[in-house]
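Q: One structure, pasted below without further comment.
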Amino acid sequence: MCSCAKIGLEIEQNFSELLDLHLFPDDENEETCKKIQLRLPLIVRYNVLSVETASEQYSHFDSEKGMVELNGTALYGPEVSYLNHSVSIISRMSVGDVMFFVTNRHISSGEELCFSYIEHELLCESEEKRTAVLDMDFKDYSDNDENDFNEASKKRQKLAAKKSKARIGPMIDALVQNEIMSTQPFERLELILDLLTNPESIEPEQVFQCDNYTLHSLHAITLEQLGRSAEALPEWQACIDFATKNFPAIDENTMNLHVQAALCAKHAKKLDAATLHAKNALEMHDKLWGGGKHRFLKRYADDFLKPLRPISKKQMAVDLQELFA
């Protein structure tokens, strides 16, 4: 695993130097290197993918580094490479350099196991947008899309024609998020509200539902930093509503949204809401990891003590114990 997201490009650039390394017998070197140069870039392209430990993202944000400590690039081993793409059959989880998978529904005998190659935030988008974001040589179909194959094909051709002219993907991507969060809180608040209430006029192909979800989460974080927890709570709830509707049934991001909503509600003295969100978070964590409250606090206690809110670590520890102990 490598923390540099550009490593895949560097690997591809090095392929051109294979011939000069003379790794094979002289009479076979050129032909063998040509075969490797043809196949290996494709293997790397489809198997050097991102790795994210997403569950702690709200408590690990750094205004200068963004979320880089939680992101990396890895060459997926053969067991993972055998898994094809689909929208929601199983979910991929990462803890450090350990990866595992959780099913989201009952799996029938002989059924193929697939997982999403794209972020769960994008699963609600149209087939042509998901395919464009994948940027691979296949189309992303869900069961609901198959009944309209011809129409979808026409849309894909239209989208492909535009793809060379404009980047297809969410407007509020990682770079834009980092740029927004690097501004001062009051300035950031105005910027986020402007983006939420006055969206830019862009092509329909560039409109992604997940942009609003991302903006609501940034809005909640900013309000919490300013000590305005009562205003932040509806923003967390908006994120939870989006996740519950669009993410797989068992999703660590959804669990963490409930955690943040619970801590926010506790700080806002809305104890009933805090208790409910804490209960939902613990139930989802137990489905994923087991171990009950003890394992939950053991895994996340340090992460939740990060200075997301303007309260002391001592008070945050008390809140955690009251909500989750």
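Q: Name the residues in the stretch 18-46 that are open to solvent by 80 Å² or more (accessible area, probe 1.4 Å) and farther than 23 Å from residue 74 by Cβ, would you?
A: 20, 21, 22, 23, 26, 27, 28, 30, 31, 34, 35, 38
Q: Hand me the list of helices (runs of 4 or more DSSP H) wholly inside the stretch 1-51 holding 3 or more residues that are modelled with pLDDT under 80.
A: Of the helices (runs of 4 or more DSSP H) lying wholly inside the stretch 1-51, those with at least 3 residues that are modelled with pLDDT under 80 span 7-14, 26-47.
Q: In the stretch 300-325, how many residues are without any contact (Cβ under 8 Å) to a residue 12 or more places away in the chain and under 26 Å from residue 218 (Cβ atoms)?
A: 5
Q: Looking at 251, 302, 286 in this structure, which one is modelled with pLDDT under 85 and open to solvent by 60 Å² or more (accessible area, probe 1.4 Å)?
A: Exactly one of 251, 302, 286 is modelled with pLDDT under 85 and open to solvent by 60 Å² or more (accessible area, probe 1.4 Å), namely 302.
Q: Return only the number of the condition from (1) at positive phi; (2) part of a helix (DSSP H, G or I) that residue 269 does not satisfy.
A: The single condition residue 269 does not satisfy is (2).
Q: For the condition touching a Ser or Thr at 6+ places or on another chain (Cβ under 6 Å), surrounded by 14 or more Cβ atoms within 10 Å (Cβ to Cβ) and farther than 30 Å from residue 125 by Cα, what is the one hit in 308, 226?
A: Among 308, 226, only 308 is touching a Ser or Thr at 6+ places or on another chain (Cβ under 6 Å), surrounded by 14 or more Cβ atoms within 10 Å (Cβ to Cβ) and farther than 30 Å from residue 125 by Cα.
The values are calculated or read from the model by the stated rules, or taken from the named source; none is laboratory data. None of the values given here were measured: they were computed from a predicted structure. All Cβ positions, glycine included, derive from the backbone under ideal geometry; neighbour counts span all protein chains shown. We work out accessible area using only protein heavy atoms, side chains counted, and drop any ligands, DNA or RNA first. Shrake-Rupley method; radii C 1.70, N 1.55, O 1.52, S 1.80 Å.
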